[in-house]
Amino acid sequence: MTRPDTASTRTPVQLAATAVGAVFLVVGIAGFIPGVTTDYDTLQFAGHESQAKLLGLFAVSILHNIVHLAFGVLGLVMARTARGAFGYLVGGGVIYLVLWLYGLVIDHDSAANFVPVNTADNWLHLLLGLGMIALGFILDRSSRKGGARVR
């Protein structure tokens with residue numbers, strides 16, 4: 001007996017959520033790899049004191065990497081249904097827009113920067129937020145063309 005949720009029956013929104021979740025897993029793992037993460041020896045659990053940077057650009061901490069891993073797993077789990085995939089992309093996009101605003105209003109050298117974020121992270125969070133929301137709505141709409149939405 002075959003499973004009804006194989007790749008051939010998955011909706012575009014489910015495939016996108018799966019891809020986004022997988023990318024977050026890779027990013028979370030990469031944050032723990034010296035060389036991929038520069039100044040790895042300064043990696044802190046949380047806070048702006050961590051000077052470690054993923055790809056030499058994006059500020060990371062152990063907490064930041066764990067959040068990426070958890071967000072990736074959540075994406076893979078929620079991608080099992082079209083409704084879950086849509087919720088992951090749009091809800092996750094909103095979360096990333098909130099993180100973008102957070103990064104704009106806090107002082108990057110203050111204790112409030114517990115994630116930590118820097119200017120590169122802020123731009124990435126803006127693009128991720130807008131991109132995830134757009135993917136959710138565009139691909140969900142395409143899933144409904146020609147009939148009722150698959151849930």
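The values are calculated or read from the model by the stated rules, or taken from the named source; none is laboratory data. What you see is a predicted model; the values in this text were computed from it and never measured. Every residue, glycine among them, receives a Cβ derived from its backbone with ideal geometry; neighbour counts consider all protein chains shown.
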Quiz item: Scanning for something under 23 Å from Leu127 (Cα atoms) and surrounded by 21 or more Cβ atoms within 10 Å (Cβ to Cβ), does segment 42-52 turn up at least one residue?
Solution: yes
Quiz item: Within the bounds of segment 110-117, is there any residue that is among the polar types (S, T, N, Q), surrounded by 15 or more Cβ atoms within 10 Å (Cβ to Cβ), farther than 20 Å from Gly136 by Cα and in contact (Cβ under 8 Å) with a residue 60 or more places away in the chain?
Solution: yes
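Would you be able to tell me the number of residues in segment 91-118 that are of a type in the set (Val, Ile, Thr), under 17 Å from the mean Cα position of the chain (by Cα) and either modelled with pLDDT of 95 or more or in a helix (DSSP H, G or I) (or both)? Full working, then the answer.
Of segment 91-118, the ones of a type in the set (Val, Ile, Thr) are 94-95, 98, 105-106, 115, 117.
Next, from what is left, pick out any that are under 17 Å from the mean Cα position of the chain (by Cα): 94-95, 98, 115, 117.
With either modelled with pLDDT of 95 or more or in a helix (DSSP H, G or I) (or both) added as a condition, the list becomes 94-95, 98.
So the answer is 3.
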Quiz prompt | Residue under evaluation Arg80, criteria (1) of a type outside the set (Phe, Trp, Tyr); (2) modelled with pLDDT of 95 or more; (3) farther than 14 Å from Gln14 by Cβ; (4) outside any helix (DSSP H, G or I), criterion not met | solution = (3)
Quiz prompt | Neighbours by Cβ (under 8 Å, 6+ apart or cross-chain): first from segment 39-68, of a type in the set (Val, Ile, Thr); second part of a helix (DSSP H, G or I) and modelled with pLDDT of 90 or more | solution = Ile66/Gly28; Val67/Gly28
Practice problem: Answer yes or no: is there a residue in segment 124-142 that is without any contact (Cβ under 8 Å) to a residue 60 or more places away in the chain and over 20 Å from Val20 (Cα atoms). | Solution: no
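Being among the small types (Gly, Ala, Ser) and touching a Leu at 6+ places or on another chain (Cβ under 6 Å) narrows it down to one of Ala79, Ala120, so name that one. Don't jump to the end; show me each part of the working.
Numbers: Ala79 fails: touching a Leu at 6+ places or on another chain (Cβ under 6 Å).
Of the residues listed, the single one that is among the small types (Gly, Ala, Ser) and touching a Leu at 6+ places or on another chain (Cβ under 6 Å) is Ala120.
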